[in-house]
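Below is one structure; the comments refer to it alone.
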């Protein structure tokens, strides 16, 4: 399972502060999908969502 693409349709900069952790395919836990998207933009690496919840 290669995970799923994050929904990155957010108004940048800034993310909602909701705590809905997702586990990225890089092995890191992100507080929400938007923060994973921001990391993708920053690092230019297509991290996907491995699963909902912490890694």
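Couple of notes before you dig in:
- Residue order, fewest to most surrounding Cβ atoms within 10 angstrom, among 4, 48: 4, 48
- Result for the chain in a Gaussian network model with C-alpha springs under 10 Å: among 28, 18, 40, the largest mean-square fluctuation is at 18.
- Once the convex hull of all Cα atoms in the chain is built, its volume per residue stands at 68 Å³.
Read the figures in this text as sums done on the coordinates, not as results from a lab. In this text the structure is predicted, and so the values were computed from the model without any measurement. Neighbour counts are summed over all protein chains in view; Cβ atoms, including those assigned to glycine, are modelled from backbone coordinates with ideal geometry.
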